[in-house]
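The next block holds one structure in the form of structure tokens; read it before the comments.
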Amino acid sequence: MTTNSRRPPPAADAGPRAAAPGQEHFLASLAAHAGEFAAGVAAYVHLPFCPSRCPSCDHQASVTHSAGDIDSYLDCLEQEAGLIAAAAGRGHPLTHLHVGGGSPNYLADRQLLRLADIVDSLFTLDDSCDSSIEINPARARAAQLEMLRGLGFRRIQLEVRDLDPGVQRGIGRNLSLAMVADVVAAARRSGFETVELDLLYGLPGQDTRSIRNTVRSILELGPERVNCSAFTRR
């Protein structure tokens with residue numbers, strides 16, 4: 001990933017830690033097939049952190065208000081990724097990258113920059129990589145979107161779910177159409193090639209009318225992609 005932002009110097013590389021019990025077979029399998037990864041690999045990075053838990057969320061998520069918790073997670077992520085790279089080989093071309101959550105844009109700018117450094121240290125990236133990141137529109141800032149685009153993300157995925165005020169109250173959300181429209185416009189100004197909007201159906205309080213109104217409003221924003229998924233009760 002590339003950025004025009006000034007990054008802090010990377011921490012000293014302590015090298016990958018020893019594999020935990022049960023990981024040896026997995027790492028050995030990677031090493032046995034290392035030659036197959038030379039053509040390119042895909043990576044998913046899960047950032048499970050949110051400021052609060054939405055009742056509609058069925059993802060693995062952790063509510064925290066501690067920057068230290070997130071920093072510790074990034075420490076572990078770097079170590080685990082180092083183990084995988086040591087087995088599969090460093091520097092393979094990255095063809096696809098998706099960063100999901102949680103709310104990835106809940107991370108501070110310095111933490112997102114560190115994540116980019118971790119990826120950069122393990123893979124070879126260029127403009128052909130299909131890179132995407134999920135964001136919570138309620139936490140999006142124009143400067144943050146510009147930074148994410150500068151880091152090389154080409155697609156941005158807005159977790160909207162539903163725009164009906166009654167449905168949103170039931171799932172702990174507070175997004176207006178105007179707010180979503182502002183974020184979409186800011187993403188386009190930042191140069192994202194694809195803007196995706198995620199919706200859920202089967203939410204408490206939804207009916208045919210509310211779903212149609214939400215879809216109609218979303219389509220008027222002209223996104224390149226709309227993802228519709230079924231709500232899964234926990």
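The values are calculated or read from the model by the stated rules, or taken from the named source; none is laboratory data. Computed from a predicted structure; not experimentally measured. Here the Cβ is made from the backbone with ideal geometry for all residues, glycine too, and neighbour counts use every protein chain on show. For accessibility, only protein heavy atoms count, side chains too; no ligands or nucleic acids. Shrake-Rupley method; radii C 1.70, N 1.55, O 1.52, S 1.80 Å.
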What order do you get for 40-49, 206-215, 111-120 when each peptide is scored by the mean count of other beta carbon atoms within 10 Å, highest first?
-> 111-120, 40-49, 206-215
For segment 94-225, state the semi-axes of the equivalent ellipsoid (square roots of 5 times the eigenvalues of the alpha-carbon gyration tensor), sorted largest first and rounded to whole angstrom.
-> 29, 15, 13
Please report the relative contact order for the chain, taking Cα pairs under 8 Å with a sequence separation of at least 6, and give it as a percent rounded to a whole number.
-> 20 percent
So the FRET efficiency between CYS76 and GLU193, C-beta based with R0 = 25 Å and rounded to 0.05, is 0.20
About its Cα centre, how strong a charge dipole does the chain have in debye, to the nearest 20, once Lys and Arg get +1 and Asp and Glu get -1 at the Cβ?
-> 720 debye
What is the gain in length, in nm to one decimal, between PHE37 and SER176 on full extension, counting 0.36 nm per residue of separation less the C-alpha to C-alpha distance?
-> 45.7 nm
Determine ³J(HN,Hα), in whole Hz, for all residues of segment 31-42 in sequence, where each value follows from phi through the Karplus function 6.51 cos²θ - 1.76 cosθ + 1.60 and θ = phi - 60°; x replaces Gly and Pro.
-> 4, 5, 10, 4, x, 6, 8, 4, 6, x, 9, 10
Helix-derived mean residue ellipticity, 222 nm - over the chain, DSSP H n ≥ 4, -39500 (n - 2.57), to 500 = -12000 deg cm²/dmol
Taking only the alpha-carbon positions of segment 70-152 as identical scatterers, the Debye log10 I(q)/I(0) at q = 0.15, 0.17, 0.20 Å⁻¹ comes out as -0.57, -0.73, -1.00
Return the ratio Rg/(2.2 N^0.38 Å) for segment 182-234, where Rg is computed over Cα atoms only.
-> 1.30
Most positive-pole-ward Cα, LEU175, ALA85, GLY101, against dipole of segment 56-182 from beta carbon charges = LEU175
How long, wide and thick is the chain, going by the Cα atoms along their three principal axes, in whole angstroms, largest first?
-> 54, 38, 35
Taking a probe of 1.4 Å, how large is the accessible area per residue of segment 61-121, in Å²?
-> 39 Å²
Distance in Å, no decimals, from the C-alpha centre of segment 120-172 to the one of segment 174-234 is 13 Å
